[in-house]
């Protein structure tokens, strides 16, 4: 059976697995390192993984990288959370460890591929994908494909929603990420509930909102207002059939979905709203599966 | 020779022409009517045009409509500046006047097609197209194509750039159109230059800025700030090779280009900026030519 190696590369971990041509993960490994700034730690680990999986006939390797990638060259422009990878020719450097083709894309594009083929957007022609966590990852499927630019593109998280905003990790200001990221939600909750000092997390604010706590509800209302206004613009551009919510914060989907939908119905142009669905992500092992599917679909092109 | 009929339909006019398979306009007509709310005036006029051009072997008709279109069905969702066309099956109604296929799209998509094939974006894989006038029309070329959704899509002008903004003609609030449209620029100029009561137009503000008038320069600075912040978001999504500026306000390109570029360089993520060009539109008879090209390219699909 033809199989693919899918690599989900995070700030401090590698999840890797053998993926079949349906995107199903047959076997997987987890490896954690606090120091991927040292590129050799990453590169040699990929070599080990291939030895680990030597009983499989791996046709190609797919990697979802936590940053901006040149998808054509397979090089890294930069990784916001790992220093030292600026303009690094990853594909070229991996050549000595690999005797099969390797394809590299942004982790959000890889996540979207898993959701489009096996998850919540299965069968949809056009969808918007968001991974809500510390940052706001994103991708677009159009004509059932993740279209290729020179960069990994589709950085919807870095669309400004105010003209003079807070500094964002990307170097710009006022990006939607600065209104819906983890850190921002916690900070906002603390500023509304003065005196609150528990080391809470976003799940905590979610649970409190479910119980009807006013401060928590207000945080989710503001979150939904910003996200809804932003998404309306994206709907006016792409006329998607679905918007898929993944990442840690999507655990609160039940709380924010009706609020986001209300904003969208007020803001977006009505012809684009027909049949639009807001859905929670559901592909299993999306990072590994999507990276495997990236390898498979890139081989077929 | 195979030729196509291209129709550039505005709020109060029809420009129509015979277009060859390169997009060159061989012969054209102009017709003006203040009352396209009466659909029969429009429909019978298309019939007359076909008679006018009966010596040409017209293969198909392309129409650029001033509003939101269902490109698959060839129907009109609505036209912001002409009442009474809500959910109108235009293609179906035209069938009795035409014995050739008809293809309908949004006027900004048609403009973009002309610029992509014969104008400033010729040869580019990915470009953003803006028509700056009363409203902000827009389109996207990706993989050298204007990708088809269910609606005519690509309504970048209705991306909000503030979270609580002024009412926009689209029904939403705070869209970029409300910061860069004709009316807004004039209003802003009058509010800065208190006491100014000349019946000036945007060209006037442009000329005054060239002469160094402070109030006029400030209007263009604010315009460029908003446009630059907005475009940075679009650049982070699409990684375009060019942004093409058309429409009446693009007459002031020389004044606003350096200011917009400065904003973009501060705001957009650097990997997306490589080789990006800001260019003025240049296709001749873009509306007619693009509509003819729409007909030609739709026949080939």
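Values in this text are rule-based calculations from the coordinates and carry no lab data. Computed from a predicted structure; not experimentally measured. Cβ sites come from the backbone with ideal geometry, for glycine too, and all protein chains shown count toward neighbours.
Take every residue in peptide B:271-278, count the Cβ atoms of other chains within 10 Å of its Cβ, and give the average of those counts.
Details: counts 14, 9, 1, 4, 1, 0, 0, 0.
Other-chain Cβ atoms within 10 Å of each residue's Cβ, averaged: 4.
Hey, in the GNM for chain A with a 10 angstrom Cα cutoff, which one of A:291, A:215, A:242 fluctuates hardest?
A:215
Using a Gaussian network model of chain A whose springs link C-alpha atoms within less than 10 Å, name the residue from A:26, A:273, A:130 with the highest mean-square fluctuation.
Judging by the Gaussian network model, the answer is A:26.
Calculate for chain A the 222 nm mean residue ellipticity that helices alone would give, adding -39,500 (n - 2.57) per DSSP H run of length 4 or more and normalising by residue count, nearest 500 deg cm²/dmol. Could you put the intermediate results ahead of the total?
On the way: 9 runs with 109 residues, N = 301.
Rounded to the nearest 500, the figure is -11500 deg cm²/dmol.
Could you work out how far helix A:214-238 tilts from the main Cα principal axis of chain A, as a 0 to 90 degree angle to the nearest 10?
Compared with the principal axis, the helix lies near 60 degrees.
Does anyone have the angle between helix A:253-267 and the longest principal axis of chain A? Alpha-carbon axes, 0 to 90°, nearest 10?
70 degrees
Please compute the modelled spin-label separation between residue B:274 and residue A:95, points set 7 Å along Cα→Cβ, answer in nm with one decimal.
1.7 nm
Please find, in a Gaussian network model of chain B (springs between Cα atoms separated by less than 10 Å), the residue of B:290, B:64, B:74 whose mean-square fluctuation is greatest.
Per the Cα network of chain B with a 10 Å cutoff, B:74 tops the list.
Starting from 0 in steps of 5 Å, tell me what percent of the Cα-Cα pairs of the range A:75-118 lands in each bin.
Reading the bins upward from 0: 5, 18, 21, 20, 20, 13, 3.
Using the reciprocal of the averaged 1/r over all distinct C-alpha pairs, how large is the Kirkwood radius of the range A:258-301 in Å? Write down the numbers at each step before the final one.
Numbers: mean 1/r = 0.0740 Å⁻¹.
Averaging 1/r across every pair of different Cα atoms and inverting gives 13.5 Å.
Please report, for residue B:207, the nm distances (one decimal) from its label point, 7 Å out from Cα along the beta-carbon direction, to the equivalent points in the remaining copies, shortest first.
Values, ascending and in nm: 7.0.
Taking the Cα-to-Cβ direction at residue B:145 and at residue A:207 and moving 7 Å from each Cα, how far apart do the two end points lie in nm?
4.9 nm
What number, in percent, do you get for the relative contact order of the range B:199-285 if the mean sequence gap of Cα pairs under 8 Å and at least 6 apart is divided by its residue count?
Working: 82 pairs, mean separation 32.2, N = 87.
Normalised by residue count, the contact order of the range B:199-285 is 37 percent.
How do A:2, A:194, B:282 line up, fewest other C-beta atoms within 10 Å first? Spell out each step's value before the answer.
Details: A:2 12, A:194 7, B:282 15.
The fewest-first ordering by Cβ neighbours comes to A:194, A:2, B:282.
Quick one: check the C-alpha center-to-center distance for the range B:198-242 versus the range A:58-81, whole angstrom.
Cα centroid of the range B:198-242 versus Cα centroid of the range A:58-81: 37 Å apart.
Is there a simple number for the mean count of other chain Cβ atoms within 10 Å of the Cβ of residues in B:145-158, and what is it? Don't jump to the answer; show the numbers that get you there.
Working: counts 2, 0, 6, 5, 10, 9, 10, 3, 10, 4, 10, 3, 3, 9.
Shielding by partners across B:145-158 averages 6.
Compute the relative contact order of chain A as a whole-number percentage, counting only Cα pairs closer than 8 Å that sit 6 or more residues apart in sequence. Mind dumping the intermediate values first?
Working: 614 pairs, mean separation 68.1, N = 301.
In percent, rounded to a whole number, it is 23.
What is the calculated FRET efficiency for residue B:44 to residue B:166, with r their C-beta to C-beta distance and R₀ = 35 Å, to the nearest 0.05? Working shown, then result.
On the way: r = 39 Å, r/R0 = 1.12.
Computed FRET efficiency for residue B:44 and residue B:166: 0.35.
Which chain B residue hugs the B-A rotation axis most tightly by its Cβ, and what is that distance in angstrom, to the nearest whole number?
So the closest residue, with its distance, comes out as B:162, 3.
Can you divide the C-alpha Rg of the range A:214-291 by 2.2 N^0.38 Å and report the result to two decimal places?
Values: Rg = 13.5 Å, N = 78, 2.2 N^0.38 = 11.5 Å.
Cα Rg divided by the expected 2.2 N^0.38 Å: 1.17.
List the extent of the Cα atoms of the range B:124-280 along each of their three principal axes, largest first, rounded to whole Å.
The Cα atoms of the range B:124-280 stretch 50, 34, 26 Å along their principal axes.
Between the range B:11-55 and the range A:93-123, what is the C-alpha centre distance in whole Å?
Cα centroid to Cα centroid, the span is 49 Å.
Please compute the contact order of the range B:124-280 in relative form: average sequence separation of alpha-carbon pairs under 8 Å and at least six residues apart, divided by the residue count, as a percent.
Numbers: 241 pairs, mean separation 40.7, N = 157.
Relative contact order here is 26 percent.
Please give the helix A:286-299 orientation as an angle from the longest Cα principal axis of chain A, in degrees from 0 to 90, rounded to the nearest 10.
The helix A:286-299 is inclined about 50 degrees to chain A.
Considering the Cα positions of the protein assembly as shown, please state its Rg to one decimal place and its Dmax as a whole number of Å.
25.5, 82
In terms of the Cα gyration tensor, with a ≥ b ≥ c the square roots of its eigenvalues, is the range A:109-206 rounded because a/c is under 1.5, prolate because a/b exceeds b/c, or oblate? Each step should come with its number before you reach the end.
Working: a/c = 3.32, a/b = 1.70, b/c = 1.94.
Oblate.
How crowded by other chains is A:66-74, given as the mean number of beta carbons from other chains within 10 Å of each beta carbon?
Values: counts 0, 1, 6, 1, 2, 0, 0, 0, 0.
Counting Cβ atoms of other protein chains within 10 Å of each residue's Cβ and averaging gives 1.
Using a Förster radius of 35 Å, what is the FRET efficiency between residue B:55 and residue B:300 based on their Cβ-Cβ separation? Nearest 0.05, please. Before the final figure, lay out the partial values.
On the way: r = 24 Å, r/R0 = 0.70.
After rounding, the FRET efficiency stands at 0.90.
Tell me, what are the semi-axes, in whole angstrom and largest first, of the equivalent ellipsoid of chain A as set by the roots of 5 times the Cα gyration tensor eigenvalues? Don't skip to the answer; put the middle values down first.
Numbers: eigenvalues 225, 94, 63 Å².
Taking √(5λ) for each Cα gyration eigenvalue gives 34, 22, 18 Å.
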